[in-house]
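Trainee: After the structure tokens below, expect a handful of questions from me.
The values are calculated or read from the model by the stated rules, or taken from the named source; none is laboratory data. All values reported here derive from a predicted model rather than from experimental measurement. Positions of Cβ are backbone-derived with ideal geometry, glycine not excepted, and every protein chain shown enters the neighbour counts. Heavy atoms of the whole protein, side chains included, go into the accessibility calculation; ligands, DNA and RNA do not. Shrake-Rupley method; radii C 1.70, N 1.55, O 1.52, S 1.80 Å.
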Amino acid sequence: MRVPLCLLLLVAHAADMLPLNRRKKQVGAGLGSNCTGCVICSEENGCSTCQQKLFLFIRREGIRQYGKCVHDCPPGYFGVRGQEVNRCKKCGATCESCFSQDFCIQCKRRFYLYKGKCLPTCPPGTAAQQSTQECQEECELGPWGSWSPCTYNMKTCGLAWGLETRVREASRAGQEEGATCQVRSESRKCPIQRPCPGERNPSQKKGRRDRRLRKDRKLDRKLDMRPGRPQA
């Protein structure tokens, strides 16, 4: 009776294994692109080991996690190569994207990038650039330059008053540091008071006219004093 009983147990065990083998084949055939680049893959958890040069990215959904093999880690993660597995690790809480755990490339909203760190406010000596979310080094300005010629609407003559301007640019040290400097300028009112070439000064014209009138009056008086001139 022992032999038939052993045979019965073997048959029962083989019958139990058949559905399991069939199920494994179905899983392997049905995963398709979910197992692309995987060395070890399962339907429940996806990839657990990737081919060489690929990164294992673990996506967590609640208490469940699912693995996928990728060429490049998605935004918010950075790749770390290991002897057995290359993994995608999450950036810091304030980083939108990063090069490593300690070096951010882009910051999340309301944070500013400064030397690989994402800060809520920029440190002293820097200014927050809203367009790039970066802390820009403040440059060192040089001395004021010379005043420009006195002009008004691009004219340097023929007018009484104009404006002259001078600027203050970055010093050589500021240029070497690569800081973006905003050029400062100031203007002030200045007198022009000179005629343009070929034109007469209005005051000179008036003076000549007055002298001519005086000469005419003097000539008239001389004529009036000549003898034989009829009296009015």
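Trainee: Answer with yes or no whether residue 96 is within 30 Å of residue 184 (Cα to Cα) and surrounded by 14 or more Cβ atoms within 10 Å (Cβ to Cβ).
Mentor: Numbers: within 30 Å of residue 184 (Cα to Cα): no; surrounded by 14 or more Cβ atoms within 10 Å (Cβ to Cβ): yes.
Spelling it out, it is not the case that residue 96 is within 30 Å of residue 184 (Cα to Cα) and surrounded by 14 or more Cβ atoms within 10 Å (Cβ to Cβ).
Trainee: Given the criteria modelled with pLDDT of 75 or more and of a type in the set (Ser, Thr, Tyr), does residue 146 qualify?
Mentor: So residue 146 fits the description; yes.
Trainee: Among the residues of the range 101-135, what is the count of those that are crowded, with 16+ Cβ neighbours inside 10 Å, under 30 Å from residue 80 (Cα atoms) and of a type in the set (S, T, N, Q)?
Mentor: Of the residues in the range 101-135, 2 are crowded, with 16+ Cβ neighbours inside 10 Å, under 30 Å from residue 80 (Cα atoms) and of a type in the set (S, T, N, Q).
Trainee: Now, a different point. Looking at this structure, is residue 89 free of Cβ contacts under 8 Å to residues at least 40 places away in the same chain, within 25 Å of the chain's Cα centre (by Cα) and open to solvent by 60 Å² or more (accessible area, probe 1.4 Å)?
Mentor: Judged against the criteria, residue 89 is not a match.
Trainee: Which ones in the range 30-82 are of a type in the set (Val, Ile, Thr) and assigned to a strand (DSSP E or B)?
Mentor: Correct list: 39, 40, 49, 58, 70, 80.
Trainee: Among the residues of the range 123-172, write down those that are touching a Phe, Trp or Tyr at 6+ places or on another chain (Cβ under 9 Å), assigned to a loop (DSSP other than H, G, I, E, B) and closer than 14 Å to residue 186 by Cα.
Mentor: Matches in the range 123-172: 150 only.
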